[in-house]
Amino acid sequence: MFSGSIPALVTPFRGGQVDEEAFRRFVDWQIENGTSALVPCGTTGESATLDNEEHHRIIGICVEQAAGRAPVIAGCGSNDTRTALWHMEVAKDLGADAALMVAPYYNRPSQEGLLAHFSFLAESCDLPIVLYNVPGRTVTDLLPATVVELARRHPGKIVGIKDASGDLQRVTQHRLGAGPDFCQLSGDDPLALAGYVLGQVGCISVTANVAPKLSAEFHAAAAAGDYETARKLHEKLFPLHKALFADASPSPTKYALAKLHNWLTAETRLPIAPCSEAGRRAVDEALESAGLA
């Protein structure tokens, strides 16, 4: 259903408010440079600091501006099942193509709780769900057996996973249990090349915010099995993959984008502080290494 270079879009701010004009321009720039799908209101979009009105407005703008040129996978996750369903229902009404649903954070549900949470969502709204497992942020780990069971219980509704566990053997476990049509996306740019060999078909990416053209070229080469070209592009992008996490995300990404575009600011919302001097140096060097500065 989804593949290739899929940025987890930053949310531009200006003077403490969502910069809607800049966001529209950013969506256009992404699509013009080969981005294959868009994820508004993910972690990189600072969803944790958006109020509900902002959250839904950003999804709506993204769908409107994409205008069918690229599918929109709307960030809809919450650690409250009722709130997650509300976000899904609004995203569906706004025209999103799918919902990215993170495993509930902080309250640490059991695997049985995760099965119940995602099953309830799948049964209550017919917007397709892409699971999102990122235990480094949520603490809760959506285990492969649970993923496989969810895909078995809800075919056509739970359609894939963004996996940011860092455990590449899970790609094979998911593939063997859920089948080759279950859409597996990497959640870690540095592991995307290896993921293609194992059966992933793309990446929900931080780096693609900053380098959409190079990222799209990398994913096209990897998808075509041209691993020599893909490896060269991976190595060109690798310093940027690392530098964008040299400080709390997305502050390095926003710093990089503000360097590249005078219509974007580096502004983040607390508790994310502006990118540190060391982080800025790392980003500067990585942009130069990738030929972007």
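The table below gives the values:
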| read-out | value |
| --- | --- |
| Within segment 157-215, tally of residues that are in contact with a Gly (Cβ under 7 Å, 6 or more places away or on another chain), among the polar types (S, T, N, Q) and either part of a loop (DSSP other than H, G, I, E, B) or closer than 13 Å to ALA8 by Cα (or both) | 1 |
| Any hit, segment 34-50, residues being crowded, with 17+ Cβ neighbours inside 10 Å, in a helix (DSSP H, G or I), touching a Cys at 6+ places or on another chain (Cβ under 8 Å) and not β-branched (Val, Ile, Thr) | yes |
| Filter result for the condition that a residue is of a type outside the set (Lys, Arg) and under 17 Å from the mean Cα position of the chain (by Cα), over GLY195, GLY199 | GLY195 |
| In segment 236-255, residue surrounded by the most Cβ atoms within 10 Å (Cβ to Cβ) [restricted to those that are closer than 13 Å to ALA278 by Cα and among the hydrophobic types (A, V, I, L, M, F, W, C)] | LEU244 |
| Subset of segment 132-145 [open to solvent by less than 10 Å² (accessible area, probe 1.4 Å) and part of a helix (DSSP H, G or I)] | THR138 |
| Segment 99-115, subset more than 18 Å from the chain's Cα centre (by Cα), in contact (Cβ under 8 Å) with a residue 12 or more places away in the chain and open to solvent by less than 70 Å² (accessible area, probe 1.4 Å), residue farthest from LEU85 (Cα to Cα) | GLN111 |
| Failed item, numbered, when SER289 is tested on (1) small (Gly, Ala, Ser); (2) in contact (Cβ under 8 Å) with a residue 40 or more places away in the chain; (3) surrounded by 20 or more Cβ atoms within 10 Å (Cβ to Cβ); (4) farther than 20 Å from GLU32 by Cα | (3) |
| Count - residues of segment 266-283 that are touching a residue at least 24 places away in the same chain (Cβ under 8 Å), under 19 Å from LEU240 (Cα atoms) and surrounded by 15 or more Cβ atoms within 10 Å (Cβ to Cβ) | 6 |
| Any chance ALA194 is more than 30 Å from SER124 (Cα to Cα), of a type outside the set (D, E, K, R), open to solvent by 20 Å² or more (accessible area, probe 1.4 Å) and free of Cβ contacts under 8 Å to residues at least 12 places away in the same chain | no |
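The values are calculated or read from the model by the stated rules, or taken from the named source; none is laboratory data. Note that the structure is a prediction, hence the values are computed from the model and not measured. Glycine gets a Cβ as well: all are built from the backbone with ideal geometry, and neighbour counts include every protein chain shown. Note: areas computed on protein heavy atoms with side chains; ligands, DNA, RNA excluded. Shrake-Rupley method; radii C 1.70, N 1.55, O 1.52, S 1.80 Å.
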